[in-house]
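Enquirer: The structure follows.
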Amino acid sequence: MSLDQLSLKRNERLNELRKIKNTSKSDATNFENVFSNDENSEIDKDLGTSNLPLSFRNYDYELHGPRMGFKNSALWTEETVEFEAQRLKDDIDSNETNITFNSNELDISGLKSNKINCDLKREMLKKNDRLKKRTEFAISKLIRERLLSMKNIIDDSKIKSISDI
């Protein structure tokens with residue numbers, strides 16, 4: 001096949017596609033015109049119907065309502081999580097009203113801590129931290145003073161020993 005023949009075939013296919021496209025556009029405009037006409041959009045008030053074409057994808061014409069799965073779902077007969085949650089909530093609400101407390105049955109001995117002074121100990125730990133720092137500083141100061149005094153004593157003894165010579 002030559003290039004001319006290929007280009008002619010391609011042009012023919014393009015023309016066919018254009019025709020199809022133009023016919024679909026005209027069909028769409030005709031469809032829009034059907035809905036835009038006042039004559040066709042009038043609703044028969046006695047019957048409650050209109051002249052417009054209806055698609056019955058989600059509407060059951062015989063039942064005059066939504067199709068199965070929208071209003072009359074088959075799953076509604078099964079117990080779902082929502083039904084179970086509502087049932088549990090109702091049970092809890094009914095149990096709360098029926099609970100009676102007897103003072104003899106109530107044991108509060110397990111509520112208090114085992115050690116009597118645990119709250120005092122917690123407060124004292126904070127104060128103890130401050131005191132530990134001060135005591136460490138005081139101890140190091142005392143050690144320095146002793147070392148200095150011992151150094152002075154040693155220096156004095158060296159001086160005396162040198163002077164004796």
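Each reported figure results from applying straightforward, stated rules to the coordinates on display, with no laboratory input. Quantities reported herein were computed from a predicted structural model and do not represent experimental measurements. Every residue, glycine as well, gets a Cβ built from its backbone with ideal geometry; the counts of neighbours run over all protein chains shown.
Enquirer: What do the square roots of 5 times the Cα gyration tensor eigenvalues come to for the range 118-165, in whole Å, largest first, as semi-axes of the equivalent ellipsoid?
Expert: On the way: eigenvalues 423, 7, 3 Å².
Its equivalent ellipsoid spans semi-axes of 46, 6, 4 Å.
Enquirer: Quick one: length gained pulling Lys158 to Glu12 fully straight, 0.36 nm per residue minus the C-alpha distance?
Expert: Working: separation 146, 0.36 × 146 = 52.56 nm, distance 12.54 nm.
40.0 nm is the gain from fully extending Lys158 to Glu12.
Enquirer: State to the nearest 20 debye the size of the charge dipole of the range 118-165 about its Cα centre, where the only charges are +1 on K and R beta carbons and -1 on D and E beta carbons.
Expert: Dipole about the Cα centre, nearest 20: 380 debye.
Enquirer: Could I ask something else about it? For a Förster distance of 41 Å, can you work out the FRET efficiency between the beta-carbons of Ser24 and Ala85, rounded to the nearest 0.05?
Expert: Using R0 = 41 Å, I get an efficiency of 0.20.
Enquirer: List every residue whose amide H lies under 5 Å from the amide H of Tyr59, counting only residues 5 or more places away in sequence or on a different chain, with H placed 1.01 Å from N in the peptide plane.
Expert: Amide H to amide H, under 5 Å and 5 or more residues apart or across chains, Tyr59 pairs with Arg67.
Enquirer: Run down the lysines and flag those whose C-alpha is under 22 Å from the C-alpha of Lys115, throwing out any fewer than 8 positions away in its chain.
Expert: Lys126, Lys127
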